[in-house]
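The values are calculated or read from the model by the stated rules, or taken from the named source; none is laboratory data. A quick note: this is a predicted structure, and the numbers were derived from the prediction, not measured. Note that we place each Cβ from the backbone using ideal geometry, even for glycine, and neighbour counts take in every protein chain shown. Surface areas here come from the heavy atoms of the whole protein model, side chains and all, with no ligands, DNA or RNA. Shrake-Rupley method; radii C 1.70, N 1.55, O 1.52, S 1.80 Å.
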Amino acid sequence: MKKFFKTLAFFLLGCLIFSCDQMADNQSATQESTTTETAFYQEPHRPQFHFSPKEKWMNDPNGMFFYDGEYHLFYQHYPDSNVWGPMHWGHAVSTDLVHWQHLPIALYPDSLGYIFSGSAVVDWKNTSGFGKSSQPPLIAIFTHHNVEGEKAGRNDFQYQSIAYSNDRGRTWTKYEGNPVVPNTEKIRDFRDPKVIWDEDSGQWVMIFAAQNHVKLWGSKDLKSWTYLSDFGKQHGVHAGVWECPDLFPINVENSKESKWVMLLSINPGGPNSGSATQYFVGNFDGKNFILDKNFERDVTGEKAVWLDYGRDNYAGVTWSDIPKEDGRRLFMGWMSNWNYATIVPTQIWRSAMTLPRTLMLKKTDAGYRIFSQPVKELEVLRSTAANLENTEIAGTLDLTQRLGFSPSQMEMTLDFEAWDAAANFGVELSNNKGEHYRIGYDASANQFYSDRTQSGDLAFSERFGAKIHTAPRLAQDKAIRLHFFFDVASAELFADDGATVMTDIFFPGEDFTSVKIYAEKGKAKLTGGQAWRLNGIWH
Ligand code: FRU
């Protein structure tokens with residue numbers, strides 16, 4: 001009898017649990033009625049080989065450094081919502097720059113404020129004294145953004161602070177002496193510190209944005225900082241606020257020369273409107289950044305030189321502590337734009353990073369220019385491949401059957417030469433809903449373009465799909481190589497070995513399933529090309 005009641009009790013409990021589960025299921029089904037797919041990283045528009053947070057809001061990449069076999073990536077994160085809010089540093093690591101492992105949130109807001117953008121370094125010589133054993137401490141340098149101060153109408157509510165880790169970045173302790181750079185000048189926008197070790201002057205150098213210029217400060221121990229110089233009031237584009245600078249030395253390709261590059265994000269004021277990143281080339285003498293003469297004219301005579309002409313590469317900076325034997329300058333940006341970032345049509349998470357890229361400095365006829373290339377590690381993702389032969393394109397060439405895989409997750413190279421002076425050629429992705437995205441080169445205007453004006457959902461923002469985005473061609477070669485990465489909701493073009501780059505996102509109502517090469521208003525000769533289906537990184 002006792003046994004019978006016990007069994008009955010278990011049965012009733014089982015029913016209860018089952019119906020609760022069902023209720024939860026039903027509830028999430030109603031909550032997510034617009035997103036039918038909920039499998040891990042399989043929601044509509046979810047990038048398959050780009051980094052995106054598991055859920056909720058993300059903006060700028062932060063604190064990127066390499067240590068003990070791991071590339072660290074932190075990011076601006078609000079874990080309670082899919083729009084911007086009190087900022088934390090989310091955290092992920094990778095051993096190959098391709099596959100990422102999510103880690104717990106690294107930095108939470110505290111009494112000094114939200115945790116805004118910043119950087120991190122390996123303090124190899126334990127200059128900070130935060131190291132405990134033979135391991136060098138890891139130091140994060142970030143902006144504290146004090147909301148109470150802001151609400152009270154003060155102007156000194158942003159200042160620079162530090163935190164350290166002695167366990168391979170798994171846990172972080174904020175320094176009790178924060179802030180390390182107070183905002184004594186009372187500048188409202190006073191943020192985004194990037195710190196480097198400058199071998200020549202034997203000091204840590206911090207660069208951060210101060211509204212319409214950047215400030216450089218120096219330190220021997222990362223805790224006590226002194227002012228070095230300002231740069232930029234008279235330089236570059238000033239249509240918006242300056243944010244997220246970076247400063248680093250770099251060898252000029254194929255020479256013994258070395259220069260300094262400053263990256264500088266600006267919002268708004270980008271070449272195709274909204275957020276974008278300009279850069280400067282010059283020298284750094286341990287105190288001042290000295291801009292090269294004649295640097296500030298791009299090929300169109302504009303007052304800025306842009307890292308990427310697409311709308312969706314912002315606040316990008318480079319990794320610290322890449323081993324000397326490697327020697328690359330590795331970069332990653334946030335693949336969105338403040339014009340519409342908070343309202344793009346994704347629910348579970350919002351936004352992704354660009355692919356990791358190698359930055360190179362080359363001397364061109366237009367002067368020193370940064371060339372960007374996808375990192376070579378990405379080649380591990382290549383699966384099914386297709387070769388394209390020498391053929392003349394006049395009209396369209398449908399490749400869909402030939403490839404035998406969906407172009408929505410694809411890498412592709414196309415080599416063109418001998419195009420007509422008026423020709424307009426490129427690649428078109430489309431789906432059965434009649435939506436399409438085009439990216440290519442317009443010979444009559446000598447510019448590349450990305451056309452998402454009919455790429456799917458545009459309704460969420462008037463500023464998203466109104467215009468075709470353009471990028472002047474820098475190279476003058478008689479041949480053009482277009483190198484593309486398409487990942488469900490994004491396109492990245494590295495043209496002419498990375499001389500011109502465009503990154504754009506889009507939101508088709510269903511994945512793109514067809515791919516065509518086209519040449520309009522004239523012929524273009526395709527001398528060859530390759531396409532690969534790329535594997536996803538999350539499964
Ligand atoms: C750039 C930015 C930074 C700031 C962060 C806040 O996108 O505005 O200047 O630190 O985002 O999330």
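See the values below:
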item: Gap separating the Cα centres of the stretch 499-518 and the stretch 262-295, nearest whole Å; result: 29
item: Global size of the stretch 377-534 as Cα Rg and Dmax, reported in angstrom; result: 14.7, 42
item: Estimated FRET transfer efficiency when R0 is 22 angstrom, pair Glu325-Arg382 (beta carbons, to 0.05); result: 0.30
item: Accessible-area value, Asp420, 1.4 Å probe, nucleic acids and ligands omitted, Å²; result: 60
item: Under the Karplus curve 6.51 cos²θ - 1.76 cosθ + 1.60, θ = phi - 60°, whole-Hz ³J(HN,Hα) for the stretch 359-373, x wherever Gly or Pro sits; result: 9, 10, 10, 10, 8, 10, 4, 8, x, 5, 9, 7, 10, 10, 9
item: Estimated distance in nm for a label pair at Ser111 and Glu510, the labels positioned 7 Å out from Cα along Cα-to-Cβ; result: 5.8
item: Rg/Rh for the stretch 331-395, where both radii come from Cα atoms and Rh is the Kirkwood radius; result: 1.11
item: Distance histogram for the stretch 148-231 (every C-alpha pair counted, 5 angstrom bins, percent rounded to whole numbers); result: 3, 14, 21, 23, 18, 12, 6, 2, 0
item: Per-residue [θ]222 nm for the chain (sum of -39500 (n - 2.57) over DSSP H runs n ≥ 4, rounded to 500); result: -2500 deg cm²/dmol
item: Shape box of the stretch 220-321 [Cα atoms, principal axes, largest first, Å]; result: 41, 35, 28
item: Equivalent ellipsoid semi-axes - Cα gyration tensor, the chain, angstrom; result: 37, 36, 21
item: Ellipsoid semi-axes in whole angstrom, largest first, where each is sqrt(5λ) of the Cα gyration tensor of the stretch 56-374; result: 26, 23, 21
item: Probe 1.4 Å, all protein chains present, accessible-area order of Glu253, Glu243, largest first; result: Glu253, Glu243
item: Solvent exposure ordering (accessible area, 1.4 Å, most first) of Trp217, Trp419, Trp349; result: Trp419, Trp217, Trp349
item: Estimated translational D of the stretch 58-182 in µm²/s (Stokes, Kirkwood radius over Cα pairs; 4 °C; 1.567 mPa s); result: 87
item: Net length gained if the chain between Lys186 and Lys256 were fully extended (0.36 nm per residue, minus Cα distance); result: 20.9 nm
item: Part-to-part distance (alpha-carbon centres) for the stretch 140-163 and the stretch 46-97, which is given in Å; result: 21
item: Accessible-area order (highest first, 1.4 angstrom probe) of the listed residues Thr503, Thr95; result: Thr95, Thr503
item: Shape metrics for the stretch 257-386, restricted to C-alpha atoms - Rg then Dmax, Å; result: 16.5, 52
item: Cβ crowding within 10 Å averaged over residues, with 137-143, 381-387, 106-112 ranked highest first; result: 137-143, 106-112, 381-387
